[in-house]
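Before any comments, here is the structure.
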Amino acid sequence: MINIKEDERLSKLNHSCAHLLAQAVKHLYPEAKFWVGPVISEGFYYDIDLGDNKITDDDIAKLEKEMKKISKDGKRIVRHELTREEALEMFHDDPYKIDLINNMEDNTVISCYSQGDFTDLCRGPHVDSVKELKYFKLIKFSGAYWKGDAKNKMLQRIYGVCFDNQEDLEKCLAEIEEAKMRDHRKIGKDLNIFMQHDLVGKGMPLWLPNGAIVRRQLENYIYEKEQALGYQHVYTPCVGTVDLYKTSGHWDHYKENMFPSMKVDDEEFVLRPMNCPHHMLVYGNELHSYRDLPVRIGEFATDFRYEASGAVKGLERVRCMCQNDAHLFVTKEQIGEEFKKVVSLILDVYRDFGLKNYTFRLSLRDPMDKEKYFDDDAMWNEAENKLREVLNDLGVEYFEAIGEAAFYGPKLDVEVKPAVGSEVTLSTCQLDFLLPRRFDLSFINKNGEKEVPVVLHRAIFGTFDRFTAFLLEETKGILPFWLAPVEVNIIPVSTEHHLDYCNKIRDMLRENHIRCEVDARNEKLGYKMRESQMKKIPHTIVIGDNEVSNNSINYRNYGSNETNEISLDEYKELVLNLIKEKK
Ligand code: TSB
Ligand code: ZN
């Protein structure tokens, strides 16, 4: 999909189209007030205060019609420059524009653009005439808090896109449709993976039985890998006291991402946003010698983060998540080797899942941001250089991003692009010289002296939530055999004559831990087979007279009409092999 913001001509068109939208809104709702209408990579939006009115699908159709009318009218778009006083005078009854003007730097050239009966405060640039705005579409609408702050009023945000010709517009609309079909929120609903409920809360998905199967498979898969690599798993509470997070530094550097604290008796608790402090205490529970290191403490750990309500999204960005977390306690000399092992594990896992669309990002601190980052230049330089050295050694391609580091250290993040919206981090591996110091951790080194270990924080799936979201989008919901909630669906040609044999196959497969159902409903065979496809079940077995008398089965793969008749024993072997090979 083309990035509109990065294309000069499209950027101008879309920005102008945002004004066209605002003008149409003003015609239909004379009381409307406008906040900002920026260009984004997917087109444009405008945030509008419509009083108590809420935009509906009907409004969108009406607005598009009005925009077409204004465009046909063909007024020129004219720029004026104003002094601050003139601007304040011109927009004196518009609190939003006054807020914008008051927040402009002293030497800013204030300009506005007029087209017919509509004028908006704007830096520009714009196209010369509304005539040029012919090939546009309003895409969607939503509520959006003023300035993105939930304490402020909810405005109405309308999104749209504009091109130079019909062909480009249609291509873009087709891509949007395709992305909607691939969106994990749609697939997750269609396949009964997860649900949400207002009574539980925003960003707090509930995993349904089908989703729970996928998640359990992921847990088992990564647990086995970690066991083989010498990880030790623990269970720790998903709360901690405020003092724990003061000790770790989260209270000073991460508080705005945390839920507020709660008092119980004489203790003050927070829902934990990260598990590092708990794991530091687990490490500190024993004395360690250099011979024990690396110590690798893993947990499937539930965390809570305050994510902005406009940012929460399906399973991809939640407020309650489960990390596939581990903290690796190493000596300075072991950093390189251990880091390489983590990167290998990431690559290994991505290969198993057939994931190819990702990039590595080296996330560094912003040295100017003293609020977010712990202030110790020597420590940061050492950590960042160490990471670069390891990455160059490994020969993996990466790009650097300033200001994306964790407050305790730089990290290597794996970035992926969801069907809808901007990139997110999946896996992460982070280098930390700070937390072990703050928790006063140590090991006895070769010379018999106390030394502070270094910590690698790593999450291979990131969270089970985000990984599942990405997996559903990458596979379009067609999960590999070993992950599918139902692996085999057995359909009798006649429920009267073939059901017993179907149940016998089911029992045999279930004894071998294969997830299998018999569709015994009184529905037509064709209907049941179509439903089996809709549920994206990897194997559908149809049983009729022939199979019963041959003591065989007849299966077809998802998406194929080809049937394969084989003996029961052969089928069992075939399926167990599919699971073992993760095909
Ligand atoms: C790896 N302390 C480290 C840990 O030891 C940590 O918490 N790192 S993190 O902040 O980067 O989070 C780990 C992973 O969780 C991220 O890489 C990302 O994949 C996932 N994640 C972060 N926020 C969310 C969220 N709101 N919803 C779903 N997944 C998330
Ligand atoms: Zn951590």
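The values are calculated or read from the model by the stated rules, or taken from the named source; none is laboratory data. Just so it is clear, the model here is predicted, and its values are computed rather than measured. Backbone-built Cβ (ideal geometry, glycine too); neighbour counts: all protein chains shown.
Going by the structure shown, is residue 439 aromatic (Phe, Trp, Tyr), modelled with pLDDT of 95 or more and within 16 Å of ligand 2 (Cβ to nearest atom)?
Working: aromatic (Phe, Trp, Tyr): yes; modelled with pLDDT of 95 or more: yes; within 16 Å of ligand 2 (Cβ to nearest atom): yes.
The answer is yes for residue 439.
Could you tell me whether residue 301 is within 12 Å of ligand 1 (Cβ to nearest atom), of a type in the set (A, V, I, L, M) and in contact with an Asp or Glu (Cβ under 6 Å, 6 or more places away or on another chain)? So residue 301 passes the test.
Applying the criterion of being crowded, with 20+ Cβ neighbours inside 10 Å and in contact with a Phe, Trp or Tyr (Cβ under 7 Å, 6 or more places away or on another chain) to the residues of region 199-214, the residue that is farthest from residue 322 (Cα to Cα) is 211. Do we find that residue 328 is within 10 Å of ligand 1 (Cβ to nearest atom), over 25 Å from residue 402 (Cβ atoms), assigned to a loop (DSSP other than H, G, I, E, B) and hydrophobic (A, V, I, L, M, F, W, C) in this structure? No. Taking each residue of region 270-281 that is over 13 Å from residue 298 (Cβ atoms) and looking for partners that are within 11 Å of ligand 1 (Cβ to nearest atom) and assigned to a loop (DSSP other than H, G, I, E, B) with beta-carbon atoms closer than 7 Å, six or more apart or interchain, yields 273/254; 273/305. All conditions but one from (1) under 23 Å from residue 433 (Cα atoms); (2) within 16 Å of ligand 2 (Cβ to nearest atom); (3) not in a helix (DSSP H, G or I) apply to residue 270; the one that does not is (1).
What is the residue count in region 1-47 for residues that are in a strand (DSSP E or B) and among the basic types (Lys, Arg)? Give the steps one after another, and end with the answer.
Of all residues in region 1-47, those in a strand (DSSP E or B) come to 33-34, 39-40, 43-47.
Right, trim to among the basic types (Lys, Arg) and you get 33.
Counting residues in region 1-47 that are in a strand (DSSP E or B) and among the basic types (Lys, Arg) gives 1.
Selection of first residues in region 419-436 that are touching a residue at least 40 places away in the same chain (Cβ under 8 Å) and under 24 Å from residue 182 (Cβ atoms) and of second residues that are basic (Lys, Arg) and near ligand 1 (Cβ under 8 Å from one of its atoms), restricted to Cβ pairs under 7 Å at least 6 apart or on distinct chains, gives the following pairs, ordered by first then second residue: 424/466; 426/466. Within region 92-117, the set of residues being farther than 19 Å from residue 16 by Cα, touching a residue at least 40 places away in the same chain (Cβ under 8 Å) and surrounded by fewer than 14 Cβ atoms within 10 Å (Cβ to Cβ) comprises just one member, 95.
Would you say residue 445 is touching a residue at least 60 places away in the same chain (Cβ under 8 Å) and surrounded by fewer than 23 Cβ atoms within 10 Å (Cβ to Cβ)? Answer is yes for this residue. So in region 277-316, with the set limited to residues that are small (Gly, Ala, Ser) and assigned to a loop (DSSP other than H, G, I, E, B), which one is surrounded by the most Cβ atoms within 10 Å (Cβ to Cβ)? Checked region 277-316; the qualifying residue surrounded by the most Cβ atoms within 10 Å (Cβ to Cβ) is 314. Exactly one residue out of 441, 456, 471, 479 is part of a strand (DSSP E or B) and of a type outside the set (Phe, Trp, Tyr): that is 456.
Among the residues of region 250-269, is there at least one that is surrounded by 19 or more Cβ atoms within 10 Å (Cβ to Cβ) and near ligand 1 (Cβ under 10 Å from one of its atoms)?
Our first condition is that a residue be surrounded by 19 or more Cβ atoms within 10 Å (Cβ to Cβ); within region 250-269, this holds for 250, 258.
Applying the additional criterion that residues be near ligand 1 (Cβ under 10 Å from one of its atoms) yields 250.
Yes, region 250-269 has at least one match.
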